[in-house]
Amino acid sequence: MRAVDAAAQASIRRTDQFQALLLAGGQLHAVGSDGVHLTSADQGLSWQRHELPGKPPLIDITVCPDGSLAALDFYRRVWVAAAGEPLTEPHAIDADGISMAIACDPTGHLWVVGEYAQILTSVDGGATWQARGAGEEDLIFTTVDFTDERTGYVTGEFGTVMATEDGGATWQRRGEVAPEFYPQAALLLDADTLYLVSLSGQIYVSRDGASTWLREPTPTRAVLYNIARVGDRLLAVGNRGTVLLRGTSGWKPFRPKEPAYAYLRGLAPLGPERFVVVGGNGTLRTWQVPESVGFPPAGHP
């Protein structure tokens, strides 16, 4: 029973199902099922565990320019915290359907997207919400992000891409990726260059503000859940411990010395050569990017 008690007191447990990872103000934040919120102030060498009341299933987390945090749970609630404080205060989102992703734009406004083509925004830290939806009920949006105060992108099923050039006041359709494409994460390198990863292991890139899209071949059909820039390199992670690196000859598998075998959903850089991943069954790893893979600058054709 001593081993059981020790496991129950550990900061990271095998029952943890991590869904998102964020590096903000030099501190790492991992969130997941049962209201788990892990923080690390030493680049992942040690972790502190926090559990939110009611154990909400947390699915995403974002940081605002003032350092405040906002985490989204599966029950349409946003948990907020001032800079340096733990997540404690929930705000309900008065909208139908499931919310899928959250982001904070450069002006400090929160954005949530999800089922029934919902695009929602809050200018008061999540206390109240206003709809900016596309008005199409049979559509699920899965990603939202902004490159500057005026330019933002939302993507969703059926290869749908929405864009704003006025800070989210209005949203217009951009070029469709592919009818069967279901994006799981987006990487905005600048106002014109976007990468998308999908349920089918596909990766698409646009270099003209989402007007047209080019598929980049990948060596996997595993679900890809996330994509990020680490230094001048691009990485994607997904199901069954899949990690892909983009080199001069395209996307290739990356096999670390201590691989993970669960799904990987969270991905955050630690400087130009290292990155952290989190995922299912308490998976949390820090890996080094190999130096000999010959990468072009991120976003290079």
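The values are calculated or read from the model by the stated rules, or taken from the named source; none is laboratory data. All figures in this text were calculated on a predicted structure; none of them were measured in a lab. With ideal geometry, Cβ positions are generated from the backbone for all residues, glycine too; neighbour counts draw on all protein chains shown. SASA here: full protein model, heavy atoms, side chains in, ligands and nucleic acids out. Shrake-Rupley method; radii C 1.70, N 1.55, O 1.52, S 1.80 Å.
Observations on the model:
- In the stretch 42-54, the condition of being over 20 Å from P269 (Cα atoms), open to solvent by less than 10 Å² (accessible area, probe 1.4 Å) and free of Cβ contacts under 8 Å to residues at least 24 places away in the same chain is met by no residue.
- Subset tally (residues that are farther than 20 Å from G25 by Cα and at pLDDT below 95) for the stretch 58-82: 3
- Matching residues, the stretch 193-214, being within 18 Å of the chain's Cα centre (by Cα), of a type in the set (G, A, S) and buried (at least 18 other Cβ atoms within 10 Å of the Cβ): S198, G201
- Selection of the stretch 216-264 for residues being part of a loop (DSSP other than H, G, I, E, B) and hydrophobic (A, V, I, L, M, F, W, C) yields A222, V223, F254, A260, A262.
- Residue in the stretch 113-134 that is closer than 18 Å to L187 by Cβ, assigned to a loop (DSSP other than H, G, I, E, B) and of a type in the set (K, R) present: no
- Selection status of D190, open to solvent by 60 Å² or more (accessible area, probe 1.4 Å), assigned to a loop (DSSP other than H, G, I, E, B) and under 17 Å from D145 (Cβ atoms): yes
- Considered as a group, the residues in the stretch 84-124 that are in contact with a strand residue (DSSP E or B) (Cβ under 8 Å, 6 or more places away or on another chain), among the small types (G, A, S) and closer than 21 Å to F146 by Cα include one that is surrounded by the most Cβ atoms within 10 Å (Cβ to Cβ), and that residue is G114.
- Some residue of the stretch 164-177 being touching a Gly at 6+ places or on another chain (Cβ under 6 Å), open to solvent by less than 60 Å² (accessible area, probe 1.4 Å) and in a strand (DSSP E or B): yes
- Matching option when the condition is surrounded by 14 or more Cβ atoms within 10 Å (Cβ to Cβ), closer than 20 Å to A268 by Cα and not basic (K, R), among G67, G26: G67
- Qualifying positions in the stretch 70-82 - surrounded by fewer than 22 Cβ atoms within 10 Å (Cβ to Cβ) and either polar (S, T, N, Q) or in contact with a strand residue (DSSP E or B) (Cβ under 6 Å, 6 or more places away or on another chain) (or both): F74, R76, R77, V80, A81
- Residues within the stretch 265-280 that are surrounded by fewer than 20 Cβ atoms within 10 Å (Cβ to Cβ), of a type in the set (D, E, K, R) and part of a strand (DSSP E or B), tallied: 1
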